[in-house]
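To start, the structure under review is shown below, and the notes come after it.
The values are calculated or read from the model by the stated rules, or taken from the named source; none is laboratory data. As the structure is a prediction and not an experimental result, all values here were calculated from the model. Cβ: placed from backbone, ideal geometry, glycine included. Neighbour counts: every protein chain shown. Keep in mind that these areas ignore ligands, DNA and RNA; they rest on the heavy atoms of the full protein, side chains included. Shrake-Rupley method; radii C 1.70, N 1.55, O 1.52, S 1.80 Å.
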Amino acid sequence: MPAPPPDAMNSNLSAIGPSFAYDTRDSATQPHRGVMLSANWLFGLRALGDSYSHDKLQMAANSYLPIGAGTVIALRGALCAAGGNAPYYDLCLFGANNDLRGYVTGRYRDKASWATQAEWRQHVSGRWGATAFVGLGGIAPSAGTIIDKGKLLPAGGIGLRYRPFRSNDVQLRVDLAAGKDDHAVYVGIAEAF
């Protein structure tokens with residue numbers, strides 16, 4: 001992974017802009033049904049102390065579909081576009097937001113990215129569950145070149161879930177994921193999305 005450019009080592013990021021969220025999920029940590037839509041468009045302004053003049057649009061849509069007792073299909077789509085003189089550390093990237101598990105954070109970064117994921121979540125027995133997931137995404141020099149100049153990035157994996165407390169729906173998770181050139185193990189609280 002390349003080192004950040006020297007100008008990014010001593011800079012400030014200050015941005016402002018509109019944000020939108022719509023949430024009908026039945027749980028924030030272990031959703032079984034509903035949708036979650038979010039978008040924000042931030043503008044880095046020198047008047048606010050920003051070292052750059054840029055903007056960044058991020059949108060995501062999640063949907064949760066129960067298909068029987070203990071089974072949920074979770075779907076996610078995400079899009080990112082950075083414009084203007086976007087700094088190295090505010091470019092679109094994979095690996096940080098679970099948009100494509102199986103990639104080292106920041107190895108793939110540019111001014112545009114997209115990702116889709118599907119995850120099968122299955123309650124197995126008692127406090128145990130399992131999941132299998134696949135995804136496809138891409139990274140490109142701009143939003144307008146995602147189709148013709150984008151680099152496709154596939155991902156997939158499996159996971160194990162454990163619910164430590166009977167009184168709430170928080171789960172511990174371990175996911176094993178593989179991407180095009182990478183693989184990773186994720187340990188966390190709550191679902192990836």
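So which trypsin sites (Lys or Arg not before Pro) in the stretch 131-173 pass both tests, a DSSP loop state and at most 15 other Cβ atoms within 10 Å of the Cβ?
Answer by residue number: R166.
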- Task: Would you mind giving the three semi-axes, in whole Å and largest first, of the ellipsoid equivalent to the chain according to its Cα gyration tensor?
- Result: 32, 18, 15
- Over the stretch 115-193, one equal point on each Cα, no solvent: what is log10 I(q)/I(0) by the Debye formula at q = 0.11, 0.18, 0.27 Å⁻¹? -0.38, -0.77, -1.24
- Considering only protein heavy atoms, with the full assembly of protein chains and a 1.4 angstrom probe, order M59, M36 by accessible area, largest first. M59, M36
